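The values are calculated or read from the model by the stated rules, or taken from the named source; none is laboratory data. Not measured: the values here are computed from a predicted model. With ideal geometry, Cβ positions are generated from the backbone for all residues, glycine too; neighbour counts draw on all protein chains shown. For the accessible areas, the whole protein counts, side chains as well, though only heavy atoms, and no ligand, DNA or RNA atoms are used. Shrake-Rupley method; radii C 1.70, N 1.55, O 1.52, S 1.80 Å.
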Amino acid sequence: MYPDISAPSNDMAAFRTVLASSRRIIAIAGAGLSAASGIPTFRGAGGMWRKHDALSLATMAAFRDSPSRIWQFYHYRRETALEAHPNAAHHALAELTIPTFREKIAPGSAFTLVTQNVDALSPTALETVLAHTGATLSDEEKHVALIEMDGRIFDVVCTAYECKHREEIRDSPLSPALAGTEELVAAGAKEPDIPHEDLPRCRKCGALARPGVVWFGEIPHRVDEILSLVDSADLCLVVGTSSTVHPAARFARQVREHGGKVAVFNIDRTKRDTDADFLFLGPCEMSLTEALS
Ligand code: BV8
Ligand code: ZN
């Protein structure tokens, strides 16, 4: 029969030709980007949300209801992220951020990585690649190059309305009462009810602190900048995301709707593959590295 012309292509040479002629490239990354670094995904096999219902944990209502439970969930994830290191896919995206490198594969192009991940592995990968290549980026160039739209798990934010102090704290544990509870969360055991005064506090005013991530029902960081990048992109790389959480779930379709190209890098099919011009099935730490080298 005739090939399904609407089916996404897996022709790497054809992708590289599109990449070489692209001028405004964005990448939208999800948990699959960090899977090879040992960070559990949300929905994949053994994914985090399978054991815990996302909508019951990653919301302000859940935090108000039980800051002890929510802090133990984030403490468990902080501990996992502290042990993790960027993988080849993080480094491939970090290299694309460096103009001298990008000129070789997409001359004259601009690039921004928008990540939904809160594990801070992409900024770490960028610093590693800059150190290894001797390249330099100003703080402004780094700010444009990488948008962590759902925040950072190492950021600690004050809940006091008049304070809202935000600080990156990688201490393990953030407060003594959280020590050892990560084993309970990992085992899905009933967690202890830690008194509020023993939970992480704001170092400026002493009020109860919260994890510096974007919860369901909250507005992602720099969302206007992201929407404008999506509106002007001529190539969108969709890396390791189930494309189930909005607004990120719609970005690829928005790029395609104004004539941009979409390339998906995922280990599984997702329902959004129909929005793709290219689909590279497999671990992104292999496929993306090949595609961007
Ligand atoms: C917003 C931070 C308005 C916290 C996260 C009904 C009720 C309430 C809300 C809504 C509703 N309907 C819609 C909404 C909006 C809601 C939403 O989308 N809900 C869903 C559940 C329907 N969204 C929001 O509330 C957002 N805010 O909409 O504000 C607005 C919007 C625009 C402009 C102005 C105002 C805020 C959502 C942010 C929530 N916070 N994280 C925390 O981490 O604890 S969400 C969390 O899940 C991630 O951050 C990420 O964003 C999201 C998606 O997860 P993925 O990254 O895709 O991970 P997943 O496991 O699902 O998939 C992994 C993929 O990788 C898989 O496809 C797998 O095959 C693949 N993979 C695995 N290994 C590999 C691989 N691929 C390649 N290589 C591998 N090795
Ligand atoms: Zn404070």
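Only aspartates and glutamates eight or more places from K104 in sequence, or on another chain, were considered; those with a Cα closer than 15 Å are E95, E290. Report, to the nearest 10°, how far helix 223-232 tilts away from the longest principal axis of the Cα atoms in the chain, using its own Cα long axis and a range of 0 to 90°. In the chain, helix 223-232 runs at an angle near 10 degrees to the longest axis. Scanning residues 5 or more positions from R24 or on other chains, those with amide H under 5 Å from its amide H are A110, D234, L235, with H placed 1.01 Å from N in the peptide plane. Taking the Cα centre of the chain as reference, the dipole from Cβ charges on Lys and Arg (+1) and Asp and Glu (-1) amounts to some 340 debye. The translational diffusion coefficient of the range 177-253, from Stokes-Einstein at 20 °C and 1.002 mPa s with a Kirkwood hydrodynamic radius over alpha carbon pairs, comes to 130 µm²/s.
If Lys and Arg each add +1 and Asp and Glu each add -1, what is the summed charge of the other residues whose beta carbon sits under 13 Å from the beta carbon of S22? Let's see the in-between values first.
Working: positive: R16, R23, R24, R102, K261; negative: E103, D234, D277.
Residues near S22 contribute +2 overall.
For R201, nonlocal amide neighbours, meaning residues 5 or more places apart or on other chains whose placed amide H falls under 5 Å from its own, are A209. Each residue of the range 264-278 was assigned a 3J(HN,Hα) from its phi angle through the Karplus expression (A = 6.51, B = -1.76, C = 1.60, θ = phi - 60°), giving 9, 10, 8, 7, 10, 6, 10, 5, 8, 4, 5, 8, 9, 8, 10 Hz with x at Gly and Pro. Between the range 152-174 and the range 221-293, the C-alpha centres lie 31 angstrom from each other. Any chance you could give the angle, 0 to 90 degrees and rounded to 10, that helix 121-133 forms with the longest Cα principal axis of the chain? The angle comes out at about 60 degrees.
Return the percentage of antiparallel bridges among DSSP beta bridges fully within the chain, rounded to the nearest 5 %.
Values: 8 of 32 bridges.
Percent antiparallel among DSSP bridges in the chain is about 25.
Taking every DSSP beta bridge that has both residues in the range 137-293, what percent is antiparallel when rounded to the nearest 5? Percentage antiparallel, nearest 5: 45.
The relative contact order of the chain comes to 27 percent, based on Cα pairs under 8 Å that sit 6 or more residues apart.
Using the Cβ of V255 as centre and a radius below 9 Å, the other residues enclosed give a net charge of -1, where K and R count +1 and D and E count -1. Per-residue ellipticity at 222 nm computed for the chain from its helices equals -10500 deg cm²/dmol, with DSSP H segments shorter than 4 residues left out and the rest contributing -39,500 (n - 2.57).
By how many nm would the segment from E162 to E140 lengthen if fully extended, with 0.36 nm per residue of separation less the alpha-carbon distance?
Values: separation 22, 0.36 × 22 = 7.92 nm, distance 2.83 nm.
Full-extension gain reported as 5.1 nm.
Give me the net charge of T115's neighbourhood, meaning all other residues with Cβ under 11 Å from the Cβ of T115; Lys, Arg count +1, Asp, Glu -1. Provide the component values of the computation, followed by the final result.
On the way: positive: R152; negative: D119, E148, D150.
My count for the surroundings of T115 gives -2.
Can you give the FRET efficiency to the nearest 0.05 for S293 and E83, using r as the Cβ-Cβ distance and R₀ = 25 Å? That pair, S293 with E83, gives E of 0.35.
Applying the Karplus relation 6.51 cos²θ - 1.76 cosθ + 1.60 with θ = phi - 60° to the range 75-87 yields 3J(HN,Hα) values of 4, 4, 6, 4, 4, 4, 5, 5, 7, 8, 10, x, 10 Hz, where x marks Gly and Pro.
Using a probe of 1.4 angstrom and keeping all protein chains present, the accessible surface of the chain works out to 47 square angstrom per residue. Near the amide H of K164, within less than 5 Å, lie the amide hydrogens of C158, all on another chain or at least 5 residues away, with H placed in the peptide plane.
Full extension from K204 to D268: what is 0.36 nm times the residue separation minus their Cα-Cα distance, to one decimal in nm?
Working: separation 64, 0.36 × 64 = 23.04 nm, distance 4.50 nm.
Here the answer is 18.5 nm.
Working from Cα pairs under 8 Å separated by at least six residues, relative contact order for the range 15-147 is 35 percent.
The lysines within cross-link reach of K261, meaning a Cα-to-Cα straight distance under 19 Å and a gap of 8 or more places when in the same chain, are K271.
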